[in-house]
């Protein structure tokens with residue numbers, strides 16, 4: 001009888017051991033699979049989403065609330081956007097008042113995670129004493145600037161993009177510390193490309209005479225670009241694009257073109273070009289092309305990444321104000 005009980009106990013122990021072994025194997029296989037899932041991240045608009053993808057690589061899955069060729073200033077969130085935020089582990093925003101709809105959306109979503117302000121530490125053109133001329137001379141960006149609010153378009157200076165990248169890297173490393181070294185290397189490589197483009201942009205623009213660096217744009221999105229690269233921008237509208245330009249604004253811009261010998265007018269992918277095209281006809285100025293200020297283009301097109309967008313803008317501006325193509 002003793003031996004029978006002993007054998008039964010042994011069989012039970014063996015079975016339990018096999019079960020524990022199988023459970024350990026399952027855990028060994030499942031845990032890496034779970035950890036290999038990319039981090040769900042939400043970015044407020046397409047330009048910022050591209051920066052996050054550059055730093056995060058395969059370890060992040062980025063959703064952009066405001067998509068390509070879409071105006072963030074007049075964006076109207078939907079319940080689906082609230083769900084996207086609710087399921088995110090990190091939310092990246094530009095800040096500086098760019099996403100006026102964000103607070104309501106986050107509250108509706110119930111999201112309690114980190115909200116990363118990518119523009120943290122960036123100084124606006126008005127804060128840079130030597131970078132803004134209130135009279136609208138060559139270093140300034142025209143006479144129509146909203147002094148009551150910060151300019152949120154900080155990505156229009158490539159030097160600021162470096163700050164964005166560093167802020168993104170720190171946030172991703174905190175969320176996925178096991179991959180922090182990868183994020184650091186990707187950020188270093190990305191910043192190298194940003195700096196190379198910055199130097200090339202300055203060289204291209206510097207080759208054009210200062211008196212020709214005067215342009216008209218749809219809205220006041222290029223203040224940082226003006227301060228960094230020495231082009232004067234006369235915008236038809238202010239920082240936002242929520243309303244149609246008035247007849248008085250149109251007359252003002254035509255007068256500016258004639259008085260300041262503006263070289264070219266540029267439309268934008270988020271704005272109706274017809275008003276500027278009419279201004280060009282009435283003033284005698286030429287339309288120099290389309291710029292991309294607040295949104296990228298669709299994937300697979302000419303400005304579908306931040307760096308491609310910036311290079312396109314520089315090339316288009318230089319061609320428009322110089323009157324000749326870039327070699």
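The values are calculated or read from the model by the stated rules, or taken from the named source; none is laboratory data. Source: prediction; values computed, not measured. Here Cβ is always computed from backbone atoms with ideal geometry, including for glycine, and neighbour counts include all displayed protein chains.
Brief remarks on what is shown
- Within region 127-134, the presence of at least one residue that is in a helix (DSSP H, G or I) and at pLDDT below 95 is confirmed.
- Being crowded, with 19+ Cβ neighbours inside 10 Å and part of a loop (DSSP other than H, G, I, E, B) is a condition met by at least one residue of region 301-312.
- Residue in region 203-218 that is farther than 15 Å from residue 317 by Cα and without any contact (Cβ under 8 Å) to a residue 60 or more places away in the chain present: no
- When residues in region 278-300 are screened for being surrounded by 21 or more Cβ atoms within 10 Å (Cβ to Cβ) and under 17 Å from the mean Cα position of the chain (by Cα), 6 of them pass.
- Checking every residue in region 226-245 against the condition of being in contact with a strand residue (DSSP E or B) (Cβ under 9 Å, 6 or more places away or on another chain), under 16 Å from residue 314 (Cβ atoms) and part of a loop (DSSP other than H, G, I, E, B) gives at least one match.
Listed here are the residues, each with its yes/no results for (1) in contact (Cβ under 8 Å) with a residue 40 or more places away in the chain; (2) assigned to a helix (DSSP H, G or I); (3) surrounded by 15 or more Cβ atoms within 10 Å (Cβ to Cβ).
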| site | (1), (2), (3) |
| --- | --- |
| 44 | yes, no, yes |
| 47 | yes, yes, yes |
| 52 | yes, yes, yes |
| 55 | yes, yes, yes |
| 61 | no, no, yes |
| 80 | no, yes, no |
| 83 | no, yes, no |
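- Answer from 253, 287 - the residue that is within 27 Å of residue 200 (Cβ to Cβ) and either in contact with a strand residue (DSSP E or B) (Cβ under 6 Å, 6 or more places away or on another chain) or assigned to a strand (DSSP E or B) (or both): 287
Results for (1) assigned by TED's automatic domain parsing to the domain that holds residue 54; (2) in contact with a strand residue (DSSP E or B) (Cβ under 7 Å, 6 or more places away or on another chain), shown as yes or no for each residue.
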site: 174; (1), (2): yes, no
site: 186; (1), (2): yes, no
site: 200; (1), (2): no, no
site: 210; (1), (2): no, no
site: 216; (1), (2): no, yes
site: 219; (1), (2): no, yes
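- Out of 91, 106, one residue alone is modelled with pLDDT of 95 or more, surrounded by 22 or more Cβ atoms within 10 Å (Cβ to Cβ) and outside the structural domain of residue 226 (by TED's automatic domain parsing). It is 91.
Residues checked against (1) crowded, with 24+ Cβ neighbours inside 10 Å; (2) modelled with pLDDT of 95 or more:
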site: 150; (1), (2): no, no
site: 155; (1), (2): yes, yes
site: 194; (1), (2): no, yes
site: 199; (1), (2): no, yes
site: 208; (1), (2): no, yes
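- So residue 275, is it buried (at least 16 other Cβ atoms within 10 Å of the Cβ), assigned to a helix (DSSP H, G or I), touching a strand residue (DSSP E or B) at 6+ places or on another chain (Cβ under 8 Å) and at pLDDT below 90: yes
- Among (1) within 30 Å of residue 285 (Cα to Cα); (2) exposed (fewer than 14 other Cβ atoms within 10 Å of the Cβ) - the single one residue 213 does not satisfy: (2)
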